[in-house]
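Notes follow once the structure below has been shown.
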Number of protein chains: 2
Amino acid sequence: MKKKVTIYDIAKELNITAATVSRALNNNPNISQATRELVLKTASKMNYEQNKLALALKSGKSNNVGVIVPRIDSNFFGSVIRGIEEELNPHGYHVIICQTDGLEEKEASNIEALLNSQVDGILISTSSSDITIFDRVLKKEVPLIFFDRTKNIKKVSSVTINDFEAGYKATDHLIQTGCSKIAHFSGDLNIEIFKDRFLGYKQALLDNGIDYIEDYVIPTKSSIEAGKSNILKLLNLENPPHAVFSSSDFAALGAIKELRKLNIRIPENFSVVGFSNEPFTRFMELPITTIDQFPLEMGKHTAKVFLEQINNNSKTRIEKKVVLDPELIIRKSSKK
Amino acid sequence: MKKKVTIYDIAKELNITAATVSRALNNNPNISQATRELVLKTASKMNYEQNKLALALKSGKSNNVGVIVPRIDSNFFGSVIRGIEEELNPHGYHVIICQTDGLEEKEASNIEALLNSQVDGILISTSSSDITIFDRVLKKEVPLIFFDRTKNIKKVSSVTINDFEAGYKATDHLIQTGCSKIAHFSGDLNIEIFKDRFLGYKQALLDNGIDYIEDYVIPTKSSIEAGKSNILKLLNLENPPHAVFSSSDFAALGAIKELRKLNIRIPENFSVVGFSNEPFTRFMELPITTIDQFPLEMGKHTAKVFLEQINNNSKTRIEKKVVLDPELIIRKSSKK
C-alpha cells in the first residue's frame, strides 16, 4: 500500500507545526487566511487526502452501520439484512455485515473489527453467552441493538418475535388436527429463542391436557442430515410420536425425506411443522407447514430503533423492546 | 455518542502542543521520558483511547478485508464468502461484507464505505459496467481482486470459473442424451459470465451441427417466477423446444414446476438443466441436473490471491487470472 501523506509531512514541508496544519485544514478561525491557503495548496500538491474516516475520528460519525449475524446464507438473516438496508440506505447509511458462524470468539472479534471501523451503530443477532463482549460497545456509547437472538442488557433495545407464541401456535395446530403424540426438534436450549419455542410447545401440551414426554424432545441442528437421523430416533422409540414440530425448516425437510423413504404418508400418518418459512418450504411438491417470522419487518424495525437512538438528543437513553407476532402458515405437511 | 477525548484535549489540559502529545503517545525519541510519562498518565486519566483505527490511519493496516457481492442470501455467494473467511481468519483478517443488489450506484457507495473504513483489500463480484468506480481503490493501491463477476482491468487479479465451458458442457450433455431442440434461459448478456455461458451454449450447438434458433434464447431473471413465465413462452412457439439449459437454478425450478402442472413428463418429454448447484436442486423429489461452480474453492482462491498481493514486497504488482473448471452434475431432470 502507498505510504499515506500525513499532516506531519505537510508540517515538515512548510516548517510549521502539525497542529497548525490540522487547524488550517479544519478551518480553525485562529489561523490566518494566508497560512490556510498555503497549507491547502501544499496539501493538494502533496496529494494529501483528508479522508472521511479521519474526519469521522473527530466527528464520531462514519455513516457505516455494522450488522452481525450467525450466518448470511440463510433466507431468514438475508431478509432481515434486506429490511435493515431498505430502511437505512435512504438515510445515507451504508450497511456492513459480519458473520459469526455462531461462534462466540468470532463474534467478539467481529465486534472489535466494527468498532475499529468506527461504525455508527451495531445491530446484532448474538450467539454469545458472555455479555461482557459488549462492554466496549456500551462504554464507547455506540448504539447497540439486538434482533432475533437477543440478550437482556439494561438500556439496550431489541427486536424479536414472540418465539413462545410461535412454539405454542405450531404445537396447538398439531393438537387441533388430531395429533396427541407430538415430538419436538429443539435447537440449542441455551439460546433464548429456542428455549422459548420449546416452552411454547410444552405449554400447548399442558393446556390441552397432554402429557409431556421427555424422549420426544431432541436437540437438533438446523440441517437436513440432523432431521433425517433424529426422525429415525423418534420412530425407534417404544411409543413413537406421529407428529413433529421442528424448530428448523431444514430439519423438518430432512424428516420429511426420511418419512417418505419409509413410505410413511404425510400428513395422513405423520404431520410435520417447520420454522422460518424458508423459500423451499413453499416450492416443494409437499409444501411444509411453518412459522413466518417476518424477517423483512424485523430488519426494518431494528433499523428504525437505531435511527431513533442515533437521532436522540436527550440525555436519557431509549430502551425499546419490540416484539413481533409470528404467523402459522398451514400447508400440506400437516392436516388442515 | 460520547464525545471522544482527542490529543487536543490532552494538549489543552497539559498546556503543551497536540504534536507533542502525539509524539509522546507514539514513543517518539525526541520527547523526554518525563513528558512521555505525564502525557500517558493524563491520557489514561482522561479515558483517552488511542484506538486501532487511528493507528491504522498511520500504519495503513486495519486487518479488515471488504467483500462486495450482489446478494448475500444466495448459496453461491454465501459459500464463496465462507471460503474467503476460512482462508483469511487464520491470518488475523476480519471479513466485512456489503451487498449491492446488482445496482451500480450501491456498488460505488459500498466501495466508498469500505475505503473509508480503511480496509486492507477489496474482494468483489461486480455488477458495474463502469470501471471508473474502481479508480479510487487503484489510486490508493488497496489490493482489489475480482471473483465470479469480473472486469478486465490491467494489473487486477481475478478468480472465475470457465463459464464458456460450463455452458458448453450443459448443452452438450442435452445433445448427447438425444435433445436437438434446446432452448436457453440466459441471464443479462451484458454481464460477462452470462455472455460466456450463452457463447458456450451456441458453440456446443454449432459443433454438433444443430442450427441456432434465436427465439430459443430468452433473457431470464434468476427467479422461479421468471422460469415459469418464460417456459410458457417457449411452449407457445410454433416449433417448441424439448429441453432448456437455464443459467439459473431458480429459473430452472420455475420451469419444472410449470411443466409438471401441464403434465409434461420430465425428462421423458422435456429435459431441464440448471446452473449453480443450489442446495434445493439436490433435495427436491425430482433433483435438477446442474453445474457446480465450486464456490468454496473460489472463495479460498480469491483469499489466497489477496494474501499473495498484500505480502508482496517487490514493486511489481502481481496479476493473476485464476480460472476454475466447472462440473456438470447429472440428476433426474435430464436423461443419463
* Of everything in the stretch B:86-99 that's of a type outside the set (S, T, N, Q) and free of Cβ contacts under 8 Å to residues at least 40 places away in the same chain, which residue is farthest from the other protein chains (Cβ to nearest Cβ)? -> B:PRO90
* Would you be able to say whether some residue in the stretch B:281-300 is polar (S, T, N, Q), in the same structural domain as B:ILE182 (by TED's automatic domain parsing) and surrounded by fewer than 22 Cβ atoms within 10 Å (Cβ to Cβ)? => no
* Inspect the stretch B:170-184 for any residue being touching an Asp or Glu at 6+ places or on another chain (Cβ under 9 Å), of a type outside the set (S, T, N, Q), within 27 Å of B:SER129 (Cα to Cα) and surrounded by fewer than 24 Cβ atoms within 10 Å (Cβ to Cβ) and give the result as yes or no. => no
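Just to check your reading of the model, which residue among A:SER79, A:SER125, A:SER129 is more than 26 Å from B:TYR48 (Cα to Cα), of a type in the set (Ser, Thr, Tyr) and touching a Gly at 6+ places or on another chain (Cβ under 9 Å)?
Working: A:SER125 fails: touching a Gly at 6+ places or on another chain (Cβ under 9 Å); A:SER129 fails: touching a Gly at 6+ places or on another chain (Cβ under 9 Å).
Only one candidate qualifies: A:SER79.
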* Right, A:SER186: of a type in the set (Gly, Ala, Ser) and out of contact with any Lys or Arg (no Cβ under 8 Å at 6 or more places or on another chain) or not? -> no
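Looking at the stretch B:189-214 only, could you name the residues that are of a type in the set (Phe, Trp, Tyr), touching a helix residue (DSSP H, G or I) at 6+ places or on another chain (Cβ under 7 Å) and surrounded by 15 or more Cβ atoms within 10 Å (Cβ to Cβ)? Walk me through it before giving the result.
Initially, the stretch B:189-214 is screened for residues of a type in the set (Phe, Trp, Tyr), giving B:194, B:198, B:201, B:212.
Still in the list and also touching a helix residue (DSSP H, G or I) at 6+ places or on another chain (Cβ under 7 Å): B:198, B:201, B:212.
Selection gives B:PHE198, B:TYR201.
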* Structure fact -> Only one of (1) of a type in the set (Ser, Thr, Tyr); (2) touching a strand residue (DSSP E or B) at 6+ places or on another chain (Cβ under 7 Å); (3) more than 10 Å from every other protein chain (Cβ to nearest Cβ) does not apply to A:SER117, and that is (3)
* Taking the stretch B:1-29 as the search range and keeping residues that are over 30 Å from B:TYR93 (Cβ atoms) and at pLDDT below 75, which one is farthest from the other protein chains (Cβ to nearest Cβ)? -> B:PRO29
* Asked: Taking the stretch B:120-149 on its own, how many of its residues are out of contact with any strand residue (DSSP E or B) (no Cβ under 8 Å at 6 or more places or on another chain), away from chain A (no Cβ under 14 Å) and without any contact (Cβ under 8 Å) to a residue 24 or more places away in the chain?
  -> 2
* Considering only residues of the stretch A:218-245 that are more than 22 Å from A:GLU268 (Cα to Cα) and away from chain B (no Cβ under 14 Å), which is modelled with the lowest pLDDT? -> A:LYS221
* To do: Just give me the residues in the stretch A:215-253 being in a helix (DSSP H, G or I), buried (at least 24 other Cβ atoms within 10 Å of the Cβ) and out of contact with any Ser or Thr (no Cβ under 6 Å at 6 or more places or on another chain), in sequence order.
  => A:GLY227, A:ILE231, A:LEU253
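The values are calculated or read from the model by the stated rules, or taken from the named source; none is laboratory data. Note that the coordinates shown come from a computational prediction; the quantities given were computed from them, not determined experimentally. For neighbour counting, all protein chains shown are included, and Cβ atoms are generated from backbone atoms with ideal geometry for every residue, glycine included.
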